[in-house]
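Chemist: Here it is, the structure, as structure tokens.
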Amino acid sequence: MNTRCGTHTRDEDTRTQNRLKETGNIPVHIAIIMDGNGRWAKQRGLPRIAGHKEGVESVRDIVETCGQVGVQYLTLYAFSTENWKRPKEEVSMLMRLLMRALRDETDKLHQKNVRVHAIGNIQELPQKVQDELLDAIERTKENTGLKLYLALSYSGRWDLTNAIKKIAFEIDSGKINPEQINDQIISQHLSTQGVPDPDLLIRTSGELRISNFLLWQLAYSEIYISDVLWPNFRRNELYEAIDDFQKRERRFGMVSEQLTKKKPQAGYAKRLIKHVSGL
Ligand code: FPP
């Protein structure tokens, strides 16, 4: 008997997942800007927190689905540095929701072999949230499945500023020479040290901004904007995003011919120059 799973039956769901695994590469790292909780609530005449609560349901479904399709890293922008400027009441409700979600979900995440990590200025979070977070990180540290990064009190500029400070101290103490600074050194000093850059950035609710998320790390990520509000963004929407990703050609600044490993034909460089210069 088929059990319902969103609007899919479980069989259909498995078929969709298998198809995605066969048709192309599953992104190794997906980063998500979860947006639209407030609008979702407003459309229903509910308080904003109702949107955040429903947003937790989407987090649950997306985490589970990422694990099932073989995504290795998932980074969720759960609370930005700028979000501290929201009304006090909303901030404290969000913190309570986060604390409860961590407390209620850690066992299930552990059963699903998910490893929890956090990036951001964690010390700024209320002590109770920090305690739940550290407990989730500690309890799941041996897990080998999906690595879930929660970006909390996080911003890309905060991350880069910290990295620059660390590098400056290392120069000061003679550990590194300014001439040695390169992409790799910078990446190694960011909070995402050791994590591959996101292959796919998803933003929900139709906004076209990066909003101070992983500024350095998103340099070559494919961007997928969904009009769906975060509380309605579930596995079917994720499948659409992965489908779309699989149709993209990732050139990393190169030309298509280099990607297919075909040797450029004689005169190719000349023709390319002619083409781009319009001569
Ligand atoms: C953006 O919607 C969403 C947030 C600022 C918070 C996201 C938090 C959650 C989904 C809950 C906790 C997460 C975890 C990881 C358990 P918005 O309020 O900016 O919506 P709007 O743009 O429609 O106002």
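The values are calculated or read from the model by the stated rules, or taken from the named source; none is laboratory data. Remember, predicted model here, so these are calculated numbers, not experimental data. Note: ideal-geometry Cβ built from the backbone for every residue, glycine included; neighbour counts use all protein chains shown.
Chemist: Across the stretch 210-229, which residue is nearest to Ile30 (Cα to Cα) among those that are within 16 Å of the ligand (Cβ to nearest atom) and without any contact (Cβ under 8 Å) to a residue 24 or more places away in the chain?
Modeler: Ile225
Chemist: Taking interchain pairs and intrachain pairs at least six residues apart, which have beta carbon atoms under 8 angstrom, with the first residue in the stretch 235-261 and modelled with pLDDT under 95 and in a helix (DSSP H, G or I) and the second surrounded by 12 or more Cβ atoms within 10 Å (Cβ to Cβ) and of a type in the set (Phe, Trp, Tyr)?
Modeler: Glu257/Tyr268
Chemist: Exactly one of (1) surrounded by fewer than 20 Cβ atoms within 10 Å (Cβ to Cβ); (2) among the β-branched types (Val, Ile, Thr); (3) in contact (Cβ under 8 Å) with a residue 12 or more places away in the chain is unmet by Val195. Its number?
Modeler: Result: Val195 fails condition (1) only.
Chemist: Would a scan of the stretch 202-209 turn up a residue that is within 20 Å of the chain's Cα centre (by Cα) and either among the small types (Gly, Ala, Ser) or assigned to a helix (DSSP H, G or I) (or both)?
Modeler: yes
Chemist: Then there's this: Name the residues in the stretch 56-94 that are part of a helix (DSSP H, G or I), in contact with a Leu (Cβ under 7 Å, 6 or more places away or on another chain) and aliphatic (A, V, I, L, M), would you?
Modeler: Our first condition is that a residue be part of a helix (DSSP H, G or I); within the stretch 56-94, this holds for 56-69, 81-85, 88-94.
Filter once more, keeping what is in contact with a Leu (Cβ under 7 Å, 6 or more places away or on another chain): 56, 59, 62-63, 65-67, 69.
Those that are part of a helix (DSSP H, G or I), in contact with a Leu (Cβ under 7 Å, 6 or more places away or on another chain) and aliphatic (A, V, I, L, M): Val56, Val59, Ile62, Val63, Val69.
Chemist: Tell me the residue from Leu133, Leu102 that is closer than 26 Å to Leu190 by Cβ, crowded, with 17+ Cβ neighbours inside 10 Å and out of contact with any strand residue (DSSP E or B) (no Cβ under 7 Å at 6 or more places or on another chain), please.
Modeler: Leu102
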